[in-house]
Amino acid sequence: MEENKMANTILVGAQWGDEGKGKIIDVLTESADIVVRTQGGNNAGHTVYVGPQKYVLHLIPSGILRSGKKCVIGNGVVVDPVNLVGEIDGLIKSGIKVAGNLFISETAHVVFPYHRELDAQRELLKGKNKIGTTKRGIGPAYGDKAARVGLRMIDLINAESFGEKLRQRIKENNEVLRAFGAKPISFKEVYAAYREAGDRLRPFVTNTVLLLHEAMERGEEILFEGAQGTYLDIDHGTYPYVTSSNTTSGGACTGSGVPPNRMDHVVGVLKAYTTRVGEGPLPSENAEISDLLHGMGREFGATTGRARRCGWFDAVATRNAVIINGIDALAITNIDGLDTVPVIKVCIGYRIGKQNVNHVPNDIEQFARCEPVYAEFPGWLCDTTKARSWKALPPKCRSYLKAVSELTGAKIAIASVGPGRDQTIFI
Ligand code: GDP
Ligand code: IMO
Ligand code: MG
């Protein structure tokens, strides 16, 4: 991929989320016209540095930080409107122009306090089998959508009918909350807060499917900002330790109304190692690399602040992610995280007892029993953060990255050696 020539591109996380999607989106936005979020909600935390200024975007596409770019929250996203207003205000305070650049789908579903409360209660009930959710109400909100009882942005902004619809939803959900032994939700409080948020958001709410198709007619290029990662996908992830949306590339189509034949590229973002936050199997999890990264102050969650679990790069899982998403270009981030590691391991297969396993088993208990089989690579043991070209990377680093590309079956398009915009190498 060339830096300044881009057609419609879907960007997905190729691992368990937090791959550095925000940074790569920000870099790619320079040559796009529109950035669209198509799934997930404010469970996402996408970090972008503009110079020394750090931004963490949860619902608003990371493209908002580049002036004049349009940003769309698509129909597939679940929106917590009160949080979204907070995010908008935070950006405005930092001098970012939001009005006129942000568009929210009329049909995106709304997250309510009862969703968050149910999320927390279900986790409590699960005890040691909890998913480790972000407690943002994402699962219950998508549950309501699938059960056809959810309220959408179009309902929120309709001042005449919203109150009655909300009253019905709170009535039902309070019955459920009571059964959990939890405190019921006050209609009055929620109504007041959501009416206010609805009034603030009304100017942003529109038919985003039409907006995107009209933009494509004008030849504008769209970047689809995936949230979470392939192994958190509701269908293809390590179910039930997943989120509640399709985080893989297909979700970009259903979550935006842009059909598959209008998509040109799929960029898979991955770390040079592996991280996961929350519960569920992670065969290449490793205390040595975890301690090293945490000791450097890295790998703490952008949304919840939780320490991320860390491990070696898992080529089996990522190869499968390349296939499922149709990834044709890799963006490898956090290469500098391995700068001080003398021997770098890569998981190239699994073993269950004496049996070799060369794919990700769908049986979660089997996957949990998988022991990694490692190949070892010599570390480069020098600072990569100042490299600005492929040639400037140490030869051992280039060999490692080439191995990642060969093992996963996709070309490297971008190598990232730091959180900054300039710490990006186009290949
Ligand atoms: P996202 O959810 O995929 O957008 O990723 P997060 O923002 O949750 O986490 C990725 C973290 O890695 C953030 O703190 C980024 O600033 C940081 N980051 C991204 N790329 C690089 C890189 O190449 N090197 C370093 N040191 N940090 C990076
Ligand atoms: P970004 O977009 C990493 C994880 C949670 C939990 C599981 C379910 O920043 O990569 P949920 O609240 O969605 O019901 O939690 O999914 N999770 C993420 N992990 N990055 C994310 O987003 C995540 N969003 C959800 O930790 O394991
Ligand atoms: Mg994140």
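The values are calculated or read from the model by the stated rules, or taken from the named source; none is laboratory data. Worth saying up front: this structure is predicted, and the values here are computed from it rather than measured. When we count neighbours, we look across all protein chains shown, and the Cβ atoms used for this are built from the backbone with ideal geometry, even at glycine. For accessibility, only protein heavy atoms count, side chains too; no ligands or nucleic acids. Shrake-Rupley method; radii C 1.70, N 1.55, O 1.52, S 1.80 Å.
Observations on the structure shown:
- 13 Å beta-carbon shell around residue 207, net charge (K/R +1, D/E -1): -1
- Stretched out straight at 0.36 nm per residue, the stretch from residue 175 to residue 106 would grow longer than its current Cα-Cα span by 22.0 nm.
- Expected 222 nm ellipticity per residue - DSSP helices of 4 or more, -39500 (n - 2.57), all of the chain, to 500: -9500 deg cm²/dmol
- GNM on the chain, alpha-carbon springs under 10 angstrom: the most fluctuating residue among 218, 66, 398 is 218.
- Look at the alpha carbon pairs under 8 Å that are at least 6 residues apart: their mean separation over the length of the range 109-204 gives a relative contact order of 29 percent.
- Cα radius of gyration and Dmax for the range 324-427 (Å): 15.7, 47
- Measuring r between the beta carbons of residue 188 and residue 130 and using R0 = 41 Å, the FRET efficiency lands at 0.85.
- FRET efficiency estimate (nearest 0.05) - Cβ-Cβ, residue 300 to residue 30, R0 30 angstrom: 0.60
- Simple spin-label estimate for residue 154 and residue 210 gives 1.1 nm between the two label positions (7 Å along the Cα-to-Cβ direction from each Cα).
- Legend: P(r) of the range 179-308 from all alpha carbon pair distances, 5 Å bins from 0, whole percents, reading 2, 7, 12, 13, 13, 14, 15, 12, 9, 4, 0.
- Length-normalised contact order of the range 58-161 in % [C-alpha pairs under 8 Å, at least 6 apart]: 26 percent
- C-alpha center-to-center spacing [the range 290-349, the range 5-76] in angstrom: 19 Å
- Burial order of peptide ranges 318-326, 30-38 (average beta-carbon count within 10 Å, highest first): 30-38, 318-326
- Debye log10 I(q)/I(0) at q = 0.15, 0.22, 0.25 Å⁻¹ for the range 109-204, Cα point scatterers: -0.59, -1.16, -1.39
- Most fluctuating residue given options 140, 52, 372, as computed from a GNM of the chain linking Cα atoms under 10 Å: 52
- q = 0.09, 0.10, 0.13, 0.14 Å⁻¹: log10 I(q)/I(0) that the Debye formula gives for the chain, counting C-alpha atoms only: -0.55, -0.68, -1.12, -1.28
- Gained length - residue 371 relative to residue 264, 0.36 nm times residue gap less alpha-carbon distance: 34.8 nm
- Mean separation of Cα contacts under 8 Å, 6 or more apart, over the residue count of the chain: relative contact order %: 20 percent
- Average accessible surface for the range 109-204: 54 Å² per residue, computed with a 1.4 Å probe over protein heavy atoms with every protein chain in place.
- Share of carbon and sulfur in the accessible area of the chain stands at 51%, probe radius 1.4 Å.
- DSSP beta bridges confined to the chain are antiparallel in about 45 percent of cases.
- Candidates 277, 267, 12: whichever shows maximal mean-square fluctuation once the chain is modelled as a Gaussian network with Cα springs under 10 Å: 277
- Modelled FRET efficiency - R0 51 Å, residue 356 with residue 53, Cβ distances, 0.05 increments: 0.55
- Stretching the chain fully between residue 411 and residue 382 yields a gain of 8.0 nm (0.36 nm per residue, less the alpha carbon separation).
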